[in-house]
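Written below as structure tokens is the structure these notes are about.
The values are calculated or read from the model by the stated rules, or taken from the named source; none is laboratory data. If you're wondering where the values come from, they're calculated on a predicted model, not measured in any experiment. Because the Cβ atoms are built from the backbone with ideal geometry, glycine has one as well, and the counts that use them run over all protein chains shown.
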Amino acid sequence: MQGPSDFELSRRKLLLGTAASVAFSAASAEARAQTPVVPAQAAVPGIATMKVSFNVNGAPREIALDMRTTLLDALREHLHLTGTKKGCDHGQCGACTVIAGGRRINSCMTLAVMHEGDSITTIEGLGTPENMHPMQAAFVKHDGFQCGYCTPGQICSAVAVLDEIKAGIPSHVTADLDAAPQLTNAELRERMSGNICRCGAYSNIAEAITEVAGRPT
Amino acid sequence: MKSFTYERANSPADAAAAAARHADAKFIAGGTNLLDLMKLEIETPAHLIDVNGLALDKIESMPDGGLKIGALVRNTDLAADKRVRRDYGVLSRALLAGASGQLRNMATTAGNLLQRTRCPYFYDTNQPCNKRRPGSGCAAIGGFNRQHAVVGASEACIATHPSDMAVAMRTLDAVVETVRPDGATRTIPIAEFHHLPGNTPHVETALSQGELITAVTLPKPIGGTHIYRKVRDRASYAFALVSVAAIVQRDGTGRVALGGVAHKPWRIESADAQLPRGAKAVAAQLFAGAKPTRQNAFKLSLAERTLGAVLTEAKG
Ligand SMILES: Cc1cc2nc3c(=O)[nH]c(=O)nc-3n(C[C@H](O)[C@H](O)[C@H](O)COP(=O)(O)OP(=O)(O)OC[C@H]3O[C@@H](n4cnc5c(N)ncnc54)[C@H](O)[C@@H]3O)c2cc1C
Ligand code: SF4
Ligand code: FES
Ligand code: FES
């Protein structure tokens, strides 16, 4: 099994105050909601682990995980793909949005072990600073962020939204359920409502998506 | 989160057998409600049975003209299905008014029906809550209860059922199909599926321990204008304060159910009969015996006005 890295352990120490507080009872409710601390190589009695294999950003990955590990924590803490962010850990903010099997999901609300054989794309898989995905480039061009914390989730969501419109999936604001949904500002805003931006960059986000969708802004 | 063991079931029989082996097991589908509650240790199953591999993800047309919706059909796919959009528009509309695009991609038909209340005291494990800890009391009565039930509640619990989809299914007379751990199957009309709180608010549905939902069936389409109108604190990605699902025929007759007002989708057949007489008459039937709190009495007039708007819209 791949144990937690030094990075993780030092982060945990910071979080929990002392390495001795790996005892679960000492962890705060918040810390308990995350992947519990499993010291490298040492099996913790009563903690069930399991192997899971999936494809992340085009590369096959296999990790042994505490069953409780969410897909979000597996990506961040075990695969060190820290582009995907944890905002609320309860499905309420969208910062953790990734694309799994071609669909956007909240990676905090699903267990990693539920994704055996799945293909997952994170912000790191969409593009790199040198070779950006058109949606990443448009967010830069239109200033679709301030602090940037929600941005990876916004971009993964936006890429999937354009596919959903292309596939004819209706939304709450689609006037005619029998007609193909249109690429209006109202449609984009409704479809992006699962991604909260505390900095309120919404207008620029909508402009960035509109540009990628190929409509004049 | 408490530790648990985990297995993937490959068939409904497999899942039922696994449930028979583990008394404190839970099925996990989309996970969007169960994991939320497990993180807070409100749900603490010792064993999880992953039902995502059950191949119950199809929507089939039935010989009687109805539809059979597999328990694992995602909310996105159900809302987007051509037949649902054409013949059961109220269901598409209700689904699309719920949660977010990401959550609807994960959420399943069965999981949506079984999602638990959003009562903030149910979520706060420091508070008394008869639903979470039977006998501990109800912090919402006398607490912050603007979002809570105005009708059908009890001295033990005033929580609402948060599902939008279930409200639409109630107007469509949907039927829930299940299989029990011993392999026996049965069907439960949606009207009997969700319980009122009474003295046992922790008993929320007609399901028994380990009973698996396999499908939800819809009778053949009844035509009419299908409307779902949801009123909430923000325009998207929020639970209903009040919602109205309605199917209105050209002669003004029809069916109506409310969300956000009770422990279950709220439909009273005698209220349906008042539809040609207008919103006031319908609301009078729906809210007969209503016991709102000071903070949520606004729901009575909000629901009546929303009904009025829906009936106006239905006239075209
Ligand atoms: C931020 C947020 C906002 C939301 N907003 C809305 C909203 O506006 N409107 C709305 O209606 N909903 C809303 N939801 C709730 C969402 O719709 C539900 O969480 C979802 O439908 C649950 O489905 P699931 O498949 O993920 O269920 P799970 O979490 O997998 O399961 C839920 C329950 O169902 C049981 N279960 C699952 N499948 C079966 C089966 N086949 N047989 C028997 N038992 C089963 C599980 O054991 C569990 O007890 C929101 C959720 C979040 C997190
Ligand atoms: S209303 Fe129901 S769910 Fe809320 S605190 Fe009271 S008993 Fe618990
Ligand atoms: S971290 Fe997943 S939705 Fe907020
Ligand atoms: S850019 Fe700061 S939260 Fe969106």
- Collect the residues in region A:119-146 that are part of a loop (DSSP other than H, G, I, E, B), surrounded by 15 or more Cβ atoms within 10 Å (Cβ to Cβ) and either in contact (Cβ under 8 Å) with a residue 24 or more places away in the chain or within 14 Å of ligand 4 (Cβ to nearest atom) (or both), keeping them in residue-number order. A:122, A:133, A:142, A:144, A:145
- From the residues in region B:76-100 that are under 17 Å from residue A:90 (Cβ atoms) and more than 16 Å from ligand 4 (Cβ to nearest atom), which one is surrounded by the most Cβ atoms within 10 Å (Cβ to Cβ)? B:98
- Among the residues of region B:45-56, is any small (Gly, Ala, Ser) and more than 12 Å from every other protein chain (Cβ to nearest Cβ)? yes
- Query: With region B:51-130 as the region, which helices (runs of 4 or more DSSP H) entirely inside it contain at least 2 residues that are aliphatic (A, V, I, L, M) and modelled with pLDDT of 95 or more?
  - Reply: B:75-80, B:89-96, B:101-106, B:109-114
- Query: If you scan region A:163-217, which residues turn out to be without any contact (Cβ under 8 Å) to a residue 60 or more places away in the chain, over 14 Å from residue B:104 (Cβ atoms), of a type in the set (D, E, K, R) and outside any loop (DSSP other than H, G, I, E, B)?
  - Reply: A:166, A:187, A:189
- Qualifying position, being more than 16 Å from ligand 4 (Cβ to nearest atom), among the β-branched types (Val, Ile, Thr) and surrounded by fewer than 18 Cβ atoms within 10 Å (Cβ to Cβ), among B:125, B:171, B:117, B:160: B:125
- Message: The conditions are (1) away from ligand 2 (no atom under 12 Å from the Cβ); (2) assigned to a loop (DSSP other than H, G, I, E, B), and residue B:156 fails exactly one of them. Which is it?
- Response: (1)
- Would you point out the residue of region B:130-147, among those that are away from ligand 1 (no atom under 16 Å from the Cβ) and of a type in the set (Lys, Arg), that is nearest to the other protein chains (Cβ to nearest Cβ)? B:133
- Write out, first by first residue and then by second, each pair whose Cβ atoms fall under 7 Å of each other, whose residues are 6+ apart or on separate chains, and whose first residue, in region B:112-128, is more than 14 Å from chain A (Cβ to nearest Cβ) while the second is more than 16 Å from ligand 4 (Cβ to nearest atom) and hydroxyl-bearing (Ser, Thr, Tyr). B:113/B:163; B:114/B:205; B:117/B:160; B:127/B:121; B:128/B:136
- Task: Using the structure shown, decide if residue A:173 is within 10 Å of chain B (Cβ to nearest Cβ), crowded, with 23+ Cβ neighbours inside 10 Å, on the phi < 0 side of the Ramachandran plot and touching a helix residue (DSSP H, G or I) at 6+ places or on another chain (Cβ under 9 Å).
- Result: no
- residue A:88 versus (1) out of contact with any strand residue (DSSP E or B) (no Cβ under 9 Å at 6 or more places or on another chain); (2) buried (at least 19 other Cβ atoms within 10 Å of the Cβ): which is the lone unmet condition? (2)
- Please enumerate the residues belonging to region B:20-30 that are closer than 16 Å to residue B:5 by Cβ and at the interface with another protein chain (Cβ under 8 Å from one of its Cβ atoms). B:28
- Query: Across region B:225-247, which residue is farthest from ligand 4 (Cβ to nearest atom) among those that are of a type in the set (Gly, Ala, Ser) and farther than 17 Å from residue B:308 by Cα?
  - Reply: B:240
- Message: Going through B:238, B:309 one at a time, which residue ends up being surrounded by fewer than 24 Cβ atoms within 10 Å (Cβ to Cβ), of a type in the set (Gly, Ala, Ser), within 16 Å of ligand 3 (Cβ to nearest atom) and closer than 30 Å to residue A:194 by Cβ?
- Response: B:238
- Please specify each residue of region B:181-206 satisfying the condition of being free of Cβ contacts under 8 Å to residues at least 12 places away in the same chain and not small (Gly, Ala, Ser). B:186, B:203
- Query: Tell me, which residue of region A:110-153 that is in contact with an Asp or Glu (Cβ under 7 Å, 6 or more places away or on another chain) and over 25 Å from residue A:78 (Cα atoms) is nearest to the other protein chains (Cβ to nearest Cβ)?
  - Reply: A:138
